[in-house]
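A quick write-up on the structure given underneath.
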Amino acid sequence: MERQWVKLKVNGKERQLFIKPNELLLNVLRDELGLMGAKYGCGLGECAACTVLVNGQPMLACLILAVTMEGQEITTVEGMGDYDRLHPLQQSFLDHGAVQCGFCTPGMLLTAQALLAENPDPSEEEIRDYLRGNLCRCTGYAAIVRAVKEVKHPA
Amino acid sequence: MATDTRVLAAEFQYLEAHSLDEALAWLGQYGTRARVLAGGTDLLVKMKTGQVQPEYIIYIKKVAGLDYIQADEAGLRIGATTTLRKLEGCAAVKTGYSALYEAVRSMAATAIRNMGTIGGNLGNASPAADTAPPLLVYGATLKLASQAGTRLVPVEEFFLGPGKTCLAPEELLTEISLPPQGSESGSSFLKLGRVAADIAKINVAVSLQRSGRNCTACRIAFGSVAPTPIRVPEAEALLAGQEITEDLIETAAQAGAAAIKPISDNRSTREYRLKVSRVMLAEALRAAWQRAGGVL
Ligand SMILES: Cc1cc2nc3c(=O)[nH]c(=O)nc-3n(C[C@H](O)[C@H](O)[C@H](O)COP(=O)(O)OP(=O)(O)OC[C@H]3O[C@@H](n4cnc5c(N)ncnc54)[C@H](O)[C@@H]3O)c2cc1C
Ligand code: FES
Ligand code: FES
């Protein structure tokens, strides 16, 4: 299978990749770009641990051929904030104890970010509905929902 | 060999179509050796698990002019690569086509609905496809295109069996069109899954027209109870032209449940599907009747 050049934007930076058509976005992000935020959970679309934003919309990197992302803008959790400047959602997850093992957290954060972009003040029910595909084996969801509900928006 | 879903092991040639002509030319050239890729939420799963092994992948999400929803007096026209999420957010769908709206709302996770398309849901031809029962009760028409031209197929003739459709190897589904819904019409969709956002154990859609206390026309369709999504004319006939009462709804629901031929599989048993289908159909009929302005 021939490799081909793919140009895309990842966390605001232009990237050029020389990849095979059967390479998954998830593995390209992790193995080629060293972005370990998106996780491999099931590989079948069931868990959303691999969630990234494509042009601001949550999608599952385990079911995306990286070649189809030519010209698109990808955001991983690394693009949300870092240790010195946490995104308000990241801060809220910490404040509310919404992280245990952390495996689901990148997907939760990105999905929640997309929700807040569409709906800045969602109800608990709206939060649960929007995040319903993001599985968490640890927290029981209550703290996560609270963290999203009570996020302090940047002034 | 155990499947490693971490990677996609299959090899293929990737073809990215930017126009309908381009996609149709490749489909014409490669036919059964090719598979169309839209959102990939069905196809990539099947490729990872080795259920399909295409030599060519024709990516159609970048084809200009396949992603649209157009609502006017003639009804609703939906381009095949329109995502489930876009349908869900469309006011014309929400207000005019309740069964389709409820079906899309019930599907999968936000991320899957952002990726998955209506064309893919139909093309995949699962007996459980959630958009199928609504399209059946609206009497939707599908536009199939090839290099030779286009043909229109009623959605009822589209599904042939699990994973099988009447699409010829060189054909692409390009548009789904739904007739306009009058002010005295109502529709509804209900689904039973193991958990919210699951693939259906059983799903049902109803669409009906009302005149005063009478139902003038009615369509009922079930999914997951037969090799394809199906209509149940036995139950429809009991309602058409009749005054709608609680008793009649119960009678029709019983007839509907008796008419379907569910199987037992890893999602549910035959007995369970039979019982629950009667209750669901009665619920769906009440909802559609009330939306049509009817009282009970
Ligand atoms: C975790 C998970 C949950 C799901 N939940 C649901 C659910 O609740 N309800 C439900 O109904 N489905 C569900 N699905 C299935 C899937 O998401 C939907 O069927 C979706 O609509 C498929 O669209 P797609 O664009 O991703 O299809 P793809 O995977 O791109 O394509 C599916 C098939 O259709 C063919 N195809 C695509 N577009 C066309 C076209 N225009 N013309 C001809 N052939 C075409 C492809 O070649 C392929 O064979 C789920 C899937 C996953 C992974
Ligand atoms: S790893 Fe992608 S959905 Fe589970
Ligand atoms: S914190 Fe462990 S899976 Fe969610």
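Looking across the stretch A:31-55, the residues that are on the phi < 0 side of the Ramachandran plot and more than 10 Å from chain B (Cβ to nearest Cβ) come down to A:Asp31, A:Glu32, A:Leu33, A:Leu35, A:Met36, A:Gly37, A:Ala38, A:Lys39, A:Ala49.
Yes/no per residue for (1) modelled with pLDDT of 95 or more; (2) at positive phi; (3) not aromatic (Phe, Trp, Tyr):
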| site | (1), (2), (3) |
| --- | --- |
| B:Ala2 | no, no, yes |
| B:Thr5 | yes, no, yes |
| B:His18 | yes, no, yes |
| B:Asp42 | yes, no, yes |
| B:Asp67 | yes, no, yes |
| B:Ala71 | yes, no, yes |
| B:Gly75 | yes, yes, yes |
| B:Thr82 | yes, no, yes |
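Of the candidates A:Ala66, A:Ala49, A:Ala61, the single residue that is in contact (Cβ under 8 Å) with a residue 24 or more places away in the chain, open to solvent by less than 10 Å² (accessible area, probe 1.4 Å), of a type in the set (A, V, I, L, M) and within 15 Å of ligand 3 (Cβ to nearest atom) is A:Ala49.
Only one of the numbered conditions (1) more than 16 Å from ligand 1 (Cβ to nearest atom); (2) open to solvent by 10 Å² or more (accessible area, probe 1.4 Å); (3) within 14 Å of chain B (Cβ to nearest Cβ) is not met by A:Arg146, and that is (3).
Of the residues making up the stretch B:170-184, at least one is farther than 30 Å from B:Glu243 by Cα and not in a strand (DSSP E or B).
Taking the stretch A:93-129 as the range and being within 13 Å of another protein chain (Cβ to nearest Cβ), within 16 Å of ligand 3 (Cβ to nearest atom) and not polar (S, T, N, Q) as the test, the residues that pass are A:Cys104, A:Pro106, A:Gly107, A:Met108, A:Leu110, A:Ala112, A:Ile127, A:Arg128. Selection of the stretch B:134-149 for residues being surrounded by 13 or more Cβ atoms within 10 Å (Cβ to Cβ) and either of a type in the set (Lys, Arg) or without any contact (Cβ under 8 Å) to a residue 60 or more places away in the chain (or both) yields B:Leu135, B:Ala140, B:Thr141, B:Leu142, B:Lys143, B:Leu144. Of all the criteria given as (1) within 11 Å of chain A (Cβ to nearest Cβ); (2) in contact (Cβ under 8 Å) with a residue 12 or more places away in the chain; (3) not charged (D, E, K, R), the one not satisfied by B:Thr82 is (1).
I'd like the full set of residues that are farther than 22 Å from A:Gly43 by Cα, within 14 Å of another protein chain (Cβ to nearest Cβ) and not in a strand (DSSP E or B), limited to the stretch A:2-30. Those that are farther than 22 Å from A:Gly43 by Cα, within 14 Å of another protein chain (Cβ to nearest Cβ) and not in a strand (DSSP E or B): A:Glu2, A:Arg3. In the set (1) open to solvent by 20 Å² or more (accessible area, probe 1.4 Å); (2) more than 20 Å from B:Thr117 (Cβ to Cβ), the condition left unmet by B:Leu20 is number (2).
Within the stretch A:1-16, the set of residues being within 14 Å of A:Gly71 (Cα to Cα) and either without any contact (Cβ under 8 Å) to a residue 40 or more places away in the chain or open to solvent by less than 10 Å² (accessible area, probe 1.4 Å) (or both) comprises A:Trp5, A:Val6, A:Leu8, A:Val10, A:Lys13, A:Glu14, A:Arg15, A:Gln16. Scanning the stretch B:232-249 for residues that are out of contact with any helix residue (DSSP H, G or I) (no Cβ under 6 Å at 6 or more places or on another chain) and either farther than 25 Å from B:Gly212 by Cβ or outside any strand (DSSP E or B) (or both) gives B:Pro233, B:Glu236, B:Ala237, B:Ala240, B:Gly241, B:Thr245, B:Glu246, B:Asp247, B:Leu248. The residues of the stretch A:130-143 that are part of a loop (DSSP other than H, G, I, E, B), crowded, with 21+ Cβ neighbours inside 10 Å and within 9 Å of chain B (Cβ to nearest Cβ), listed by number, are A:Leu131, A:Gly133, A:Asn134.
Being farther than 29 Å from A:Leu131 by Cα and aromatic (Phe, Trp, Tyr), is that true of even one residue in the stretch B:89-102?
no
The values are calculated or read from the model by the stated rules, or taken from the named source; none is laboratory data. Being a predicted model, the structure only gives us computed values, none of them experimental. Ideal geometry is used to build each Cβ from the backbone, glycine not excepted, and the neighbour counts take in all protein chains shown. Surface accessibility is based on the protein's heavy atoms, side chains included, excluding ligands, DNA and RNA. Shrake-Rupley method; radii C 1.70, N 1.55, O 1.52, S 1.80 Å.
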